[in-house]
Amino acid sequence: MYLQQNGSIVARSLAFEQMANPYPEEPIVVEKENNITLIGINRPKVRNAIDSITGRKLSAAIAEFENDPKADVGVLHGIGGSFCSGYDLSELAGQQEPQQALSIVHHPEGVMGPTRRMIRKPLVCAITGYCVAGGLELALMCDLRVMEENAVLGFLNRRFGVPLIDGGTVRLPALIGLSRALDLILTGRTVTAKEALDIGLVNRVVAVGAGLGQAYNLAMSIAKYPQLCIRHDRDAAYYGTFSAESFEQALEREAANVTVELLQEAKEGADKFRQGIGRGGSFSGIKERKLPDWERAEMKHESKL
């Protein structure tokens, strides 16, 4: 198990990276902890480069997470020191017929995984070591990114004439703006953790060895809230950014997708507020609980924002 009920998640994630790989034959490893699903890319000998078989298995693992009623948030990470070094170029080099390569490129969901569609539930990426080329496209597929301070980002595929075909040219400009995106896409230069945070490419920068643990903590800070509301607002944000033809259409879709079930969830929250929970900063009558370190850290980060 990556995570267990007791002990420090950060310490366990670091200890795991120092252990011998217990899953040498499985390119994708899935673990479940509470309502969090951890999906690990497990090809450390090639810095977790993804071939076509691994890409299909990653798509299947993410689809299973989306369809699991007990899973609310996912964490995508790499096993063995790096998140993902991109597409396994040895597979491309071994293709004798151009049509074989085209069949891989034209896979409906994407080469690296389900990168050509929107994931239906929140997904957090833990960036460690190398997160380059198609690996960066995978990270962009996720909603939020937690990056270790010594990790490296960049479209290093530029050096070998390999195009971006897993959503990088679509998602990156929306995240950081066209000018900055073109800088990274055209030059293929590397990006440090500090710059990535400054330009909005990642959401958190953490100490070396803490990436998986802090990504899990961030996932927990999302999973603790009512999920119908989370998914409605997330879907509306993506639709307004990528799919709406106009501002008015985005607003219309935001309201139209409110369901009876969502209103019931909202009513339950309103009833709690009416009872005095949280109103005016008063939580009288509610049994206080000791906040774990990860939640204190997340609250501190939110207060700074």
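The values are calculated or read from the model by the stated rules, or taken from the named source; none is laboratory data. Source: prediction; values computed, not measured. Every residue, glycine among them, receives a Cβ derived from its backbone with ideal geometry; neighbour counts consider all protein chains shown. Side chains are part of the model used for accessible areas, which takes the heavy atoms of the whole protein and leaves out ligands, DNA and RNA. Shrake-Rupley method; radii C 1.70, N 1.55, O 1.52, S 1.80 Å.
May I ask you to list the residues in region 88-102 that are under 28 Å from the mean Cα position of the chain (by Cα) and at pLDDT below 70? Passing the criteria: only Ala101. Taking the listed residues Ala151, Ala126, the one that is buried (at least 24 other Cβ atoms within 10 Å of the Cβ), of a type outside the set (S, T, N, Q), in contact with a His (Cβ under 6 Å, 6 or more places away or on another chain) and in the same structural domain as Thr187 (by the TED database) is Ala126, with no other qualifying. Taking the numbered list (1) open to solvent by 30 Å² or more (accessible area, probe 1.4 Å); (2) within 16 Å of the chain's Cα centre (by Cα); (3) not β-branched (Val, Ile, Thr) in turn, Met141 passes all entries but (1). Looking only at region 20-50, count every residue that is open to solvent by 30 Å² or more (accessible area, probe 1.4 Å) and of a type outside the set (A, V, I, L, M, F, W, C) and tell me the total. The qualifying residues number 13. For Val258, the conditions (1) modelled with pLDDT of 90 or more; (2) assigned to a helix (DSSP H, G or I) all hold with the exception of (2). Please indicate, with yes or no, whether at least one residue in region 42-64 is aliphatic (A, V, I, L, M), at pLDDT 95 or above and over 24 Å from Ile165 (Cβ atoms). Scanning region 42-64, I find no residue that is aliphatic (A, V, I, L, M), at pLDDT 95 or above and over 24 Å from Ile165 (Cβ atoms), so the answer is no.
Total residues in region 191-225 satisfying the condition of being part of a strand (DSSP E or B) and surrounded by fewer than 15 Cβ atoms within 10 Å (Cβ to Cβ): the figure is 0.
Select, from Val170, Val208, the only residue that is closer than 19 Å to Gly129 by Cβ and in the same structural domain as Asp88 (by the TED database).
Val208
Taken as a whole, region 228-250 holds at least one residue that is of a type outside the set (Phe, Trp, Tyr), over 30 Å from Asp68 (Cα atoms) and not in a loop (DSSP other than H, G, I, E, B). For Pro163, the requirement of being free of Cβ contacts under 8 Å to residues at least 12 places away in the same chain and either open to solvent by 50 Å² or more (accessible area, probe 1.4 Å) or within 21 Å of Arg47 (Cβ to Cβ) (or both) is met. Looking across region 172-190, the residues that are out of contact with any strand residue (DSSP E or B) (no Cβ under 7 Å at 6 or more places or on another chain) and either hydrophobic (A, V, I, L, M, F, W, C) or surrounded by 14 or more Cβ atoms within 10 Å (Cβ to Cβ) (or both) come down to Leu172, Pro173, Ala174, Leu175, Ile176, Leu178, Arg180, Ala181, Leu182, Asp183, Ile185, Leu186.
Farther than 24 Å from Asp68 by Cβ and under 18 Å from the mean Cα position of the chain (by Cα), is that true of Ile165?
Against the criterion (farther than 24 Å from Asp68 by Cβ and under 18 Å from the mean Cα position of the chain (by Cα)), Ile165 does not qualify.
If you check every pair at least six apart or on different chains, which have Cβ atoms under 8 Å apart with a residue in region 248-265 that is under 15 Å from Pro226 (Cα atoms) first and a residue that is in a helix (DSSP H, G or I) and open to solvent by 70 Å² or more (accessible area, probe 1.4 Å) second? Going by the 8 Å Cβ cut-off, the qualifying pairs are Thr259/Leu228; Glu261/Leu228; Leu262/Leu228; Glu265/Leu228.
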